[in-house]
Amino acid sequence: MEKAHTFYGNHAVQQALEQMLRRDRMAHGFLFYGDPGLGKKTLALRTAAALLCSGTEKPCGVCKSCRMLQKQTHPDLTIAEHSGKRGSFSVETVCRICADLATPPNEGDAKCYAFFDCDAMETRTQNLLLKAIEEPPDHTYFFFTVRSPAVLLPTVRSRIASMALMPVSEIDCRSALLAHGCSPEDCDQAIGAFHGNIGACLDFLENETIRETVALTKSAIHSIIKKDEYTLLQIAANAAADRARAQLFLTLLDRTLRDAAALKYDPNAAVIGCDADGASRLAARMTAASGQTMHLAVDRAYDALQANVNLPLALSALCAAWMDTL
């Protein structure tokens, strides 16, 4: 078990959690939210480890509880399983957890229940959990992770502590990547694409499909700038190979468009996309009106993606809209 200080960035969130633990004032429910890759699950598990740890420095990494957590065999930590095509949580799973609440902890003074990636959690499932979250046993703690807190019911959010996780500085991100054994050259490539998102940088280095999608996005931006519609349509066809790649492609395009809009009015603005050079060149040709039109075209492509519209057609329509606008 790594020590708490090895969780990079988000220092205010870490300090708040440490103060709660030190003062024995821990909330019984936590919601960690933010983009994928920012460490929401890692921080939730680290907080659970601190609650379950029997050592002096929590989590100590060496006590019996910490060793069981390392092996993922701790009886007092339950990670709820997803079910169904949308990755929600079944009524049976939630009812089983609610029934387990009254059972005392096996190893110490706490029991922890984690619901990760709750973006598709159904309303009826949340309502089943509401009573447990509202009046939990003293030994019970809940952890939820989502991209946006808006997906949870207001009644659920009002009963748990919500904490936003943000990208870390690129310096901290580099330190984290080097600690994972990445080479300086790999760090440069990953940070250039995903900046302070440590998880996304690691995925970039470990997943060839993500690297290919980043390359496709850069090629698409430069094809748009050069008004090379034929090449752009070829790129769109490659990006439409599967739904996950298409979604990442749209996300990266939209971030580059955001960067172009920011750079147009401030050449020194920080960028969040994967192609700073392309964003700068796009900014020189883009007006405020064309930028808004291009963003709306991306939104339409996102909607088509969610509605299971033919992917090649959806991305081809996006490319045509961008070509006509710029």
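Quick notes on this structure:
- Test: Leu152 is touching a residue at least 24 places away in the same chain (Cβ under 8 Å), in contact with a strand residue (DSSP E or B) (Cβ under 7 Å, 6 or more places away or on another chain) and of a type in the set (A, V, I, L, M): yes
- When the criteria are applied in full, Gly39 meets the requirement of being in contact (Cβ under 8 Å) with a residue 60 or more places away in the chain, among the small types (Gly, Ala, Ser), over 20 Å from Ser158 (Cβ atoms) and in contact with a Phe, Trp or Tyr (Cβ under 7 Å, 6 or more places away or on another chain).
- Residues located in region 78-90, provided they are open to solvent by 40 Å² or more (accessible area, probe 1.4 Å) and outside any loop (DSSP other than H, G, I, E, B): Thr78, Ile79, Ser83
- If you check Leu38, Leu31 for being in a loop (DSSP other than H, G, I, E, B), modelled with pLDDT of 95 or more and either buried (at least 16 other Cβ atoms within 10 Å of the Cβ) or touching a Gly at 6+ places or on another chain (Cβ under 9 Å) (or both), only one passes: Leu38.
- Here the helices (runs of 4 or more DSSP H) wholly within region 183-278 that include at least 2 residues being without any contact (Cβ under 8 Å) to a residue 40 or more places away in the chain, in contact with a Ser or Thr (Cβ under 9 Å, 6 or more places away or on another chain) and within 23 Å of Thr42 (Cβ to Cβ) are 243-265.
- Residue that is surrounded by the most Cβ atoms within 10 Å (Cβ to Cβ) [pool: residues in region 298-314 that are touching a residue at least 12 places away in the same chain (Cβ under 8 Å) and over 24 Å from the mean Cα position of the chain (by Cα)]: Ala314
- Only a single criterion out of (1) open to solvent by 60 Å² or more (accessible area, probe 1.4 Å); (2) touching a residue at least 24 places away in the same chain (Cβ under 8 Å) is not satisfied by Arg96, namely (2).
- Test for Lys111: is it exposed (fewer than 12 other Cβ atoms within 10 Å of the Cβ), free of Cβ contacts under 8 Å to residues at least 40 places away in the same chain and of a type outside the set (A, V, I, L, M, F, W, C): no
- Those residues of region 101-117 which are at pLDDT below 95 and charged (D, E, K, R), in sequence order: Glu107, Asp109
The values are calculated or read from the model by the stated rules, or taken from the named source; none is laboratory data. Please read all numbers here as calculations on a predicted model, not as lab measurements. Because the Cβ atoms are built from the backbone with ideal geometry, glycine has one as well, and the counts that use them run over all protein chains shown. SASA here: full protein model, heavy atoms, side chains in, ligands and nucleic acids out. Shrake-Rupley method; radii C 1.70, N 1.55, O 1.52, S 1.80 Å.
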